[in-house]
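The values are calculated or read from the model by the stated rules, or taken from the named source; none is laboratory data. Remember, it's a predicted structure, so these values are computed and weren't measured experimentally. With ideal geometry, Cβ positions are generated from the backbone for all residues, glycine too; neighbour counts draw on all protein chains shown.
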Amino acid sequence: MDANHKEECILMFRIPAIASATFILMASSAAMAGQCPSMAAAIDAALANAEISEEVRVQVIELRDKGMAEHEAGNHAESEATLAEAQALLPN
């Protein structure tokens, strides 16, 4: 086997692997991006009937708004963490 053929074989296996990895990263990013609005909607629904102090209500709203701003900026992991923090303040 000459060097050119060996190099072609290596590329033939690397290109699909790189393409697959890229697709997986893009798909997981899109999945994360879709979760933020549903988390915010759940917070909004819980706030409607939550029996909490005004201080906690304000804190939840501020965290929700911060989380959605992070989502809009493309910081989905940070957004989910902030929205989870807001959800933790709400009664189950």
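The number of residues in the range 53-86 that are over 15 Å from S38 (Cβ atoms), among the hydrophobic types (A, V, I, L, M, F, W, C) and in a helix (DSSP H, G or I) comes to 8. In this entry, A27 passes the filter for residues that are under 15 Å from the mean Cα position of the chain (by Cα) and modelled with pLDDT under 95.
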